[in-house]
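K.L.:
My structure is below; once you've seen it, I'll send some questions.
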Amino acid sequence: MRSILTLAVFALLAPLASAADRLPNIVLIFTDDQGYADVGVYGAKGYETPHLDAMARAGTRFTNFHVAQAVCSASRTALLTGCYPNRIGISGALGPNSNHGLNDAETTIAEMLKQRGYATGMAGKWHLGHREPFLPNRHGFDESFGLPYSNDMWPYHPEAKAGTYPKLPLYEDGRIIDPEITPDKQRDLTTRYTERAVSFIERNREKPFFFYLAHSMPHVPLFVSDKFKGKSKKGLYGDVIMEIDWSVGEVLGALKKHNLERDTLVIFTSDNGPWLSYGEHAGSAVPFREGKGTAWEGGTRVPCIMQWPGTIPANAVRDKRFMTIDVLPTLAGRVGAPLPNRPIDGRDIWPLIVGQPGATNPHEGYGMWYAQNELQAVVTGDGRWKLVLPHRYRTLAGRPGGKDGIPVKYEQVTLERAALYDLRSDPAETTDVSAANPNEVKRLLAFAEKCRADLGDSLTGRKGSGAREPGRIAAKAP
């Protein structure tokens with residue numbers, strides 16, 4: 001007779017079994033600066049996203065999914081390692097002059113899955129260090145193709161002084177294959193990334209695979225191929241989102257062509273909220289407050305859709321809060337892979353994803369850092385209470401953003417005292433209810449102290465005992 005423990009292990013790993021009795025394939029699609037309301041089923045206006053909407057009908061849509069930090073490199077760090085970015089020394093957005101990146105002692109999703117025999121590949125924006133020790137091929141990817149960092153870090157940047165940025169290169173498998181990406185070449189990036197994903201699926205269809213499709217768009221400067229130029233009713237931004245939706249359709253179509261739909265978990269999400277200062281070249285976080293570069297809900301809450309027919313419920317909507325740091329350990333649980341040998345911050349939240357009755361978030365709470373390790377907010381694990389701590393943040397204060405790819409300037413506003421929000425009744429963070437809920441304030445302040453002790457807080461001058469160093473190399477020219 002099997003023991004209770006053995007039965008429990010079988011129940012945990014049950015999703016591993018599929019029609020082909022194989023480990024599940026995993027496709028992770030990560031867009032850049034796409035806001036919460038920039039998908040049809042999340043309320044997009046002026047353009048359609050039929051493939052993403054169909055994916056939501058075939059799978060589950062999450063309305064309370066968050067990035068760990070609302071900016072490029074930090075967000076990617078959390079997704080791929082299961083760690084708060086400040087735990088492993090990555091913050092903000094690494095640029096062409098950066099001489100640090102992802103430490104080779106950290107474990108990425110790709111490295112974890114390779115231990116289980118996966119083929120691994122990526123296309124798109126990397127942004128975890130462009131020096132040789134930090135590139136994708138050094139962090140578990142069998143093949144890679146794309147940009148080393150954001151597509152605006154180039155000589156054509158309208159807001160940069162001459163000489164600020166070097167030429168923007170295109171990499172393949174750790175080497176530069178095109179030393180200069182021009183505006184004409186940017187128009188084809190979404191298509192080229194998509195073609196790589198489809199090709200990878202075709203070539204690896206007989207074994208379990210992981211593909212990370214990290215689109216450069218809709219980060220400014222916006223570019224779209226001729227096949228979608230002028231197609232939307234919302235200008236260039238809408239055209240770009242329609243092309244991303246087409247890309248999702250191509251990937252899903254490749255899975256269907258090779259009869260892999262029921263064997264594949266597909267995750268679609270974004271690295272942070274919209275870059276609001278760009279106005280008509282930015283998306284929307286409606287109904288949430290602020291956008292990219294802040295710890296308010298509009299900065300961290302992003303669209304997230306997961307599809308795995310026969311395993312993840314179809315046409316479902318879940319509102320439980322979880323975060324990018326939870327992706328790696330959740331995938332580890334699905335494929336029977338060991339967790340990294342260094343401490344990580346995420347937890348396996350599979351019961352929340354599939355809507356298991358009575359499932360609760362295993363986290364006591366989530367810390368929300370920004371800038372140079374500023375602890376700006378803490379949230380209870382159930383996602384109801386959020387305490388925003390005193391800090392300076394950027395805002396348009398109700399003003400419209402820019403036009404034609406030229407941003408307007410943000411104002412810097414100081415939050416003088418901590419403010420408590422009941423996100424269940426006030427997800428837009430409009431009303432401070434700290435006076436009426438002193439016990440919740442006390443509880444979250446105590447949790448904030450745990451966060452500071454572990455990972456530090458530059459706002460209060462705290463050094464964290466659990467923070468680790470990034471990888472570093474000697475300074476050199478870009």
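K.L.:
Could you run the Debye sum over the Cα atoms of segment 177-255, one equal point scatterer each and no solvent, and tell me log10 of I(q)/I(0) at q = 0.11 Å⁻¹, two decimals?
P.N.:
Log10 I(q)/I(0), no solvent term: -0.32.
K.L.:
For VAL27, list long-range residues whose amide hydrogen, built 1.01 Å from N in the peptide plane, is under 5 Å from its own amide hydrogen.
P.N.:
For VAL27, the qualifying residues are PHE211, LEU265, VAL266, ILE267.
K.L.:
Each label point is 7 Å from the Cα along the Cα-to-Cβ direction; what then is the distance between the points at LYS403 and GLU250, in nm?
P.N.:
3.3 nm
K.L.:
From the backbone phi of segment 331-345, what are the Karplus-calculated ³J(HN,Hα) couplings (6.51 cos²θ - 1.76 cosθ + 1.60, θ = phi - 60°) in whole Hz, Gly and Pro given as x?
P.N.:
5, 4, x, 6, 10, x, 8, x, 6, x, 7, 10, x, 10, 9
K.L.:
Here is a follow-up. Relative contact order for segment 67-157: what is it in percent, counting Cα pairs under 8 Å that are at least 6 residues apart? Don't skip to the answer; put the middle values down first.
P.N.:
Numbers: 146 pairs, mean separation 23.4, N = 91.
Rounded, it is 26 percent for segment 67-157.
K.L.:
Hey, another quick one. R0 = 51 Å: FRET efficiency of LYS161 with ASN315, Cβ-based, nearest 0.05? Kindly include the intermediate steps, with their values, before the conclusion.
P.N.:
Numbers: r = 51 Å, r/R0 = 1.00.
Efficiency, from the Cβ-Cβ distance: 0.50.
K.L.:
OK, next. Please work out the FRET efficiency for the pair ASP226 and THR430, using the Cβ-Cβ distance as r and a Förster radius of 51 Å; give the result to the nearest 0.05.
P.N.:
Working: r = 43 Å, r/R0 = 0.85.
Efficiency, rounded to the nearest 0.05: 0.75.
K.L.:
In 10 Å bins starting at 0, how do the alpha-carbon pair distances of segment 142-301 split up by percent?
P.N.:
Bin by bin from 0 Å, the calculated values are 10, 33, 36, 19, 3, 0.
K.L.:
Then there's this: Out of the DSSP beta bridges found with both residues in the chain, what percent are antiparallel (nearest 5)?
P.N.:
Details: 35 of 61 bridges.
Bridges in the chain are about 55 percent antiparallel.
K.L.:
Could you compute how fast segment 304-413 diffuses translationally, taking Rh as the Kirkwood radius over C-alpha pairs and applying Stokes-Einstein at 37 °C with viscosity 0.692 mPa s? Give it in µm² per second. Don't skip to the answer; put the middle values down first.
P.N.:
Numbers: Rh = 17.1 Å.
For the chosen part, D equals 192 µm²/s.
K.L.:
For ARG347, ARG462, give me the order by solvent-accessible area with a 1.4 Å probe, most accessible first, ignoring ligands, DNA and RNA. Don't skip to the answer; put the middle values down first.
P.N.:
Details: ARG347 115, ARG462 80 Å².
Solvent-accessible surface, decreasing: ARG347, ARG462.
K.L.:
Testing the spin-label approximation: label points 7 Å from Cα along Cα→Cβ at ALA105 and ASN437. State their distance in nm.
P.N.:
3.9 nm
K.L.:
Quote the relative contact order of the chain in percent (integer), defining contacts as alpha-carbon pairs under 8 Å separated by 6+ residues.
P.N.:
Details: 1131 pairs, mean separation 109.2, N = 478.
This gives 23 percent for the chain.
K.L.:
Assign one of three labels to segment 236-337, namely rounded, prolate or oblate, based on the Cα gyration tensor with a ≥ b ≥ c the square roots of its eigenvalues; rounded applies when a/c is under 1.5, prolate when it is not and a/b is larger than b/c, and oblate otherwise.
P.N.:
On the way: a/c = 2.49, a/b = 1.42, b/c = 1.75.
It comes out oblate by the Cα gyration axes.
K.L.:
Could you give the size of the charge dipole of segment 294-358 about its Cα centre, using +1 on the Cβ of each K and R and -1 on the Cβ of each D and E, expressed in debye and rounded to the nearest 20?
P.N.:
Values: 7 positive and 5 negative charges, 10 e Å.
The dipole of segment 294-358 has a size of about 40 debye.
K.L.:
Ok, one more. What accessible area per residue, rounded to a whole number of Å², is obtained for segment 311-362 using a probe radius of 1.4 Å? Show your work: numbers first, answer last.
P.N.:
Numbers: 2130 Å² over 52 residues.
Accessible area per residue, segment 311-362: 41 Å².
K.L.:
Could you order peptides 402-413, 293-304 by the average number of other Cβ atoms within 10 Å of their residues, highest first? Numbers along the way, then the final one.
P.N.:
Values: 402-413: 13.9, 293-304: 26.7.
With the highest mean Cβ count within 10 Å placed first, the list reads 293-304, 402-413.
K.L.:
Ignoring ligands, DNA and RNA, please state the percent of accessible area on the chain from carbon and sulfur, probe 1.4 Å.
P.N.:
Values: 9710 of 18760 Å².
Carbon and sulfur together cover 52 percent of it.
K.L.:
What is the antiparallel percent of DSSP beta bridges lying wholly in segment 95-218, to the nearest 5?
P.N.:
Values: 5 of 14 bridges.
Antiparallel: roughly 35 percent of the beta bridges in segment 95-218.
K.L.:
Using a Förster distance of 25 angstrom, determine the FRET efficiency expected from the C-beta separation of GLU206 and ARG57, and round it to 0.05.
P.N.:
Values: r = 29 Å, r/R0 = 1.16.
Efficiency at R0 = 25 Å is approximately 0.30.
The values are calculated or read from the model by the stated rules, or taken from the named source; none is laboratory data. Just so it is clear, the model here is predicted, and its values are computed rather than measured. Note: ideal-geometry Cβ built from the backbone for every residue, glycine included; neighbour counts use all protein chains shown. To get the accessible areas, we keep the full protein, side chains included, count just its heavy atoms, and leave off ligands, DNA and RNA. Shrake-Rupley method; radii C 1.70, N 1.55, O 1.52, S 1.80 Å.
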